[in-house]
1. For residue 102, only one of the following conditions fails: (1) assigned to a strand (DSSP E or B); (2) crowded, with 24+ Cβ neighbours inside 10 Å. What is its number?
2. Quick one: in the stretch 41-80, which of the residues that are closer than 15 Å to residue 25 by Cα and free of Cβ contacts under 8 Å to residues at least 60 places away in the same chain is surrounded by the fewest Cβ atoms within 10 Å (Cβ to Cβ)?
3. Residues of the stretch 145-179 being in contact with a helix residue (DSSP H, G or I) (Cβ under 9 Å, 6 or more places away or on another chain), away from ligand 2 (no atom under 13 Å from the Cβ) and assigned to a loop (DSSP other than H, G, I, E, B), which ones?
4. Taking the stated definitions as given, is residue 21 at pLDDT below 95 and either within 22 Å of residue 106 (Cα to Cα) or away from ligand 2 (no atom under 15 Å from the Cβ) (or both)?
5. State whether the residues of the stretch 130-142 include one that is within 13 Å of ligand 1 (Cβ to nearest atom), more than 14 Å from the chain's Cα centre (by Cα), surrounded by fewer than 24 Cβ atoms within 10 Å (Cβ to Cβ) and not in a loop (DSSP other than H, G, I, E, B).
6. Would you mind finding the one in 208, 250 that is assigned by TED's automatic domain parsing to the domain that holds residue 13, at pLDDT 95 or above and away from ligand 1 (no atom under 16 Å from the Cβ)?
7. I need the full set of residues from the stretch 262-279 which are more than 22 Å from residue 179 (Cα to Cα) and in a loop (DSSP other than H, G, I, E, B), in order please.
Ligand code: TXA
Ligand code: MG
């Protein structure tokens, strides 16, 4: 890993976008905001830059990346869209949806970024700073979440700085993200399949398709050696504290991640309490999830008790990330 790099931090704006584009073109690594989480970008066509990206994150190299582009024309230069894929792209892009499609002939995305697959994951982020950078750069940018592999994804520039300062060239600070969980990933190779729940709810996708999303085979979800969206390892989102789900009470040495207005027994003696959404709003809860997990973990509790979260809307993505955080390591 290249450490000891001088990591420059710029605020978003024309100068920030120009500096980001120049750094990407020179093979550098740039963290930037999207509506879901902060991404760590590299030139999708530059294998050496992508190798540095994997090293900076400490990420297993078999785990492929999402190519970010500014518009559908750019997306169609790297991936082949059938009628259903195009329908989803037109309905939800720019937005928190990633589509996995077959690569085009002559797809410029480096094999290292797609882990040698003949498919490519693509998305158009709905964030003015991301869009400005993509347009200024002019090519596809691969970007995983801008955190050390296995840490909680960053929703603030400060999270990126605490994980990656000294390992990357530039952080463009665009303030807090709005969605707070990663994009929903839909495979469009055959019948559209939900590969990762995320910032766009299943219900909204199914409404546009007029049919339920196909479900991945169950064994792919539990088998770390054969994940479907290969980055979905069981223990992906891991605070240091032990995470206990569906808590009905709080122990003395625990912090509480609350949801809704119910008061659990033991709450007054908790190490710390943060409420994802006192009114029970799942969009608000998603936006707060990763930042609150980081804050509670920083208090070094023995464990983090998490209240039950409903499974509808963005609840599916929230519960997915919480289950991964709860896998014992
Ligand atoms: O919201 C997001 O998607 C953020 C922002 C930065 O755009 N990015 C993000 O990237 O979450 P990352 O690298 O943390 O997750 C990418 C996921 C992984 O689970 C990876 O395995 C999957 O996409 N993926 C990439 N290419 C794939 C492919 N060809 N087939 C199946 N899954 C793929
Ligand atoms: Mg990630």
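The values are calculated or read from the model by the stated rules, or taken from the named source; none is laboratory data. Only a predicted model underlies this, so the values are computations on that prediction, with no experimental measurement involved. We place every Cβ from the backbone using ideal geometry, glycine too, and count neighbours over all the protein chains shown.
1. Status for residue 102: all satisfied but (2).
2. 48
3. Residues satisfying the conditions are 156, 167, 168, 169, 174, 175, 176, 177, 178, 179.
4. Details: at pLDDT below 95: no; either within 22 Å of residue 106 (Cα to Cα) or away from ligand 2 (no atom under 15 Å from the Cβ) (or both): yes.
It is false that residue 21 is at pLDDT below 95 and either within 22 Å of residue 106 (Cα to Cα) or away from ligand 2 (no atom under 15 Å from the Cβ) (or both).
5. Checked against the condition, which is being within 13 Å of ligand 1 (Cβ to nearest atom), more than 14 Å from the chain's Cα centre (by Cα), surrounded by fewer than 24 Cβ atoms within 10 Å (Cβ to Cβ) and not in a loop (DSSP other than H, G, I, E, B), the stretch 130-142 yields at least one hit.
6. Details: 250 fails: assigned by TED's automatic domain parsing to the domain that holds residue 13.
Being assigned by TED's automatic domain parsing to the domain that holds residue 13, at pLDDT 95 or above and away from ligand 1 (no atom under 16 Å from the Cβ) holds for just one of 208, 250, which is 208.
7. Within the stretch 262-279, 262, 263, 264, 265, 266, 270, 271, 272 qualify.
Okay, residues lined up against (1) closer than 22 Å to residue 154 by Cα; (2) at pLDDT 95 or above:
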position	(1), (2)
41	yes, yes
51	yes, no
66	yes, yes
78	no, yes
90	no, yes
98	yes, yes
117	no, no
